[in-house]
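The values are calculated or read from the model by the stated rules, or taken from the named source; none is laboratory data. Bear in mind the structure is a predicted one, so any value in this text is a computation, not a measurement. Here the Cβ positions follow ideal geometry from the backbone for every residue, glycine too, while neighbour counts run over all protein chains shown.
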């Protein structure tokens, strides 16, 4: 009988960048680790499913995200009555704060 050794991967101290292109029926997710694209996939618009995937595949990682088409993202989580408009200057200011 052969014993199989399984190593647990630990992403402590690693920054994972998660890019989201959100739409009403699906999200396109891109994961970048150490400046290299790891994977791009499409999933249902379910934040819990994405969180579970990240926790399972990248335990203890530091997750950073960027959302494309943020207006729909906000409406998904805050309801369709939420009225949000960001000007190009608002977006530019926010990006400068991040970087």
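Summary of computed values
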| item | result |
| --- | --- |
| Counted residues, the stretch 12-26 - those being within 19 Å of residue 61 (Cβ to Cβ) and within 16 Å of the chain's Cα centre (by Cα) | 7 |
| Residue count for the stretch 17-70, restricted to those that are touching a residue at least 40 places away in the same chain (Cβ under 8 Å) and within 29 Å of residue 7 (Cβ to Cβ) | 11 |
| Qualifying helices (runs of 4 or more DSSP H) (wholly inside the stretch 10-99; at least 3 residues being modelled with pLDDT of 60 or more and surrounded by 14 or more Cβ atoms within 10 Å (Cβ to Cβ)) | 47-57 |
